[in-house]
Amino acid sequence: GPSQRPIRSQTIAIHSSTATICHLKWDNLLVKGINHRKGIIPLRRNKVIQAVAVPVRPSSADSADSAEYRKQLAETYGFRQIGEPLPDNVTLKDVIDTLPRKVFEIDDVKAWTSVLISVTSYALGIFMISKAPWYLLPLAWAWTGTAITGFFVIGHDCAHKSFSKNKLLEDIVGTLAFLPLIYPYEPWRFKHDRHHAKTNMLSEDTAWHPVWEKEFETSPFLRKAIMFGYGPFRPWMSIAHWLIWHFDLNKFRPNEVKRVKISLACVFAFMAIGWPLIIYKTGIMGWIKFWLLPWLGYHFWMSTFTMVHHTAPHIPFKHSDEWNAAQAQLNGTVHCDYPRWIEVLCHDINVHIPHHVSSRIPSYNLRAAHKSIQEIWGPYLNEATWNWRLMKTIMTVCHVYDREQNYIGFDELAPNEASPITFLKRVMPDYA
């Protein structure tokens, strides 16, 4: 496999007309993490560039120190491992070529087994909601919301053409799988394809990305709304993304609009027929109980999964002229383990690094692909087991884009207005 290239803390002199000296230090990341853990708000920004994006072959004497830095950062941020930076000369094709061919094979039995699991678990969830006493309803909603997240994963495979060899069947199954979520299949597919093509690229990525400082400073009202959205409400921010990105025809290319309209018609038909039927049978409270609250549970996972996959203080978003596909997909995607029942109901979608290496890998082959990637590219992987410290780091640190530090926290830019963030720092658990 590739040779390991740990990062060392060092000073690099860049000769120019102004004789500028840039300091590349991992220490900045470590101090930033410690400040987060202790609730300390830095008084001023330290203009330092993180060496996470600059691979340097260290001397043997520095290797242990570099590994120790990453170990401390992993502990501070709630990670199991923070990967070494991937060398610039590694391409995405290099990574794909190391994968076994069998992980790309579509298996109809496994694909339809995932459908059976989702339909059965969702039906069980509806049954539990109908029978559970009030004090057990939150558990029933959590199960049902997780079960319908499995529907999304099935539609997700269909959109990536990894569900069936019959492409028309894929589009039909994908559309049907998304209907209970009120998600228009084609608009989501078009936007999601751009996320894969431009992962962690500033402006171009259509999923999570940092807030722009100029956007944050637009108005006091918008500033407060952004703080709540990227702070306490972040586990449900996919709802705002759903509304903004998927129903506006002006956001799509002319050759996409026809398919977008078909998907929107299907969604509106489901709402026009399905919602009145639920209300007719169970009343407004039944609609809330059987549809809305499980739907909010689904969005909790939609938001949580997505931000954990691509958001961490040490993972940079880059401009297009600096962006490297292999670094973004392999080195900039996070693998996170969740409780086994969640992994089963969500069809291993959180085994996410191989999915970003190649979106043509079916969900049921992701674990085999990840095992292969670990064997060959293991030192470069970012891995975690879901924990509160990880969530706290994302929700209280990863806010506004900064070229040198990756992220600046809201409470650093506007300390007198950052009560939503200081509240989270105070009340969120900090154990990993």
Helices (runs of 4 or more DSSP H) completely within the stretch 337-420 that count 2 or more residues being without any contact (Cβ under 8 Å) to a residue 12 or more places away in the chain:
340-345, 366-377
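So, restricting to helices (runs of 4 or more DSSP H) that lie completely within the stretch 53-166, which ones have at least 2 residues that are at pLDDT 95 or above and open to solvent by 50 Å² or more (accessible area, probe 1.4 Å)?
Per the criteria, 92-97, 108-131, 137-159.
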Among (1) within 19 Å of R367 (Cα to Cα); (2) in contact with a Cys (Cβ under 7 Å, 6 or more places away or on another chain), there is one condition L179 misses while meeting the rest; what is its number?
(1)
Does T218 satisfy the condition of being out of contact with any Leu (no Cβ under 8 Å at 6 or more places or on another chain), outside any helix (DSSP H, G or I), open to solvent by 60 Å² or more (accessible area, probe 1.4 Å) and not acidic (D, E)?
yes
All conditions in (1) open to solvent by 10 Å² or more (accessible area, probe 1.4 Å); (2) in a loop (DSSP other than H, G, I, E, B) are true of T306 except (2)
Taking only pairs six or more apart or across chains, which ones have beta-carbon atoms under 6 Å, a first residue in the stretch 175-189 that is farther than 21 Å from W236 by Cβ and in contact (Cβ under 8 Å) with a residue 12 or more places away in the chain, and a second residue that is in a helix (DSSP H, G or I) and among the charged types (D, E, K, R)?
E186/R259
Against the definition (crowded, with 18+ Cβ neighbours inside 10 Å and among the charged types (D, E, K, R)), how does R223 come out, yes or no?
yes
I'd like the residue in the stretch 352-370 that is of a type in the set (A, V, I, L, M) and within 15 Å of the chain's Cα centre (by Cα) and, out of all such residues, is surrounded by the fewest Cβ atoms within 10 Å (Cβ to Cβ).
V357
Restricting attention to the stretch 204-215, which residues are in contact (Cβ under 8 Å) with a residue 40 or more places away in the chain and open to solvent by 10 Å² or more (accessible area, probe 1.4 Å)?
E204, A207, W208, H209, W212, E213
Where residues in the stretch 234-267 are touching a Ser or Thr at 6+ places or on another chain (Cβ under 9 Å) and among the aromatic types (F, W, Y), which of them is surrounded by the fewest Cβ atoms within 10 Å (Cβ to Cβ)?
W236
Only one of (1) more than 21 Å from V173 (Cβ to Cβ); (2) more than 25 Å from the chain's Cα centre (by Cα); (3) not β-branched (V, I, T) is not met by L99, so which one is it?
(2)
Conditions (1) under 21 Å from the mean Cα position of the chain (by Cα); (2) outside any helix (DSSP H, G or I); number of the one not met by Q327
(2)
Taking only the stretch 336-351 into account, find how many residues are under 24 Å from D97 (Cα atoms) and open to solvent by 10 Å² or more (accessible area, probe 1.4 Å).
2
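The values are calculated or read from the model by the stated rules, or taken from the named source; none is laboratory data. It should be emphasised that the depicted structure is a prediction, and the values quoted were computed from it without experimental measurement. We place every Cβ from the backbone using ideal geometry, glycine too, and count neighbours over all the protein chains shown. What goes into the accessible areas is simple: the full protein's heavy atoms, side chains included, and nothing from ligands, DNA or RNA. Shrake-Rupley method; radii C 1.70, N 1.55, O 1.52, S 1.80 Å.
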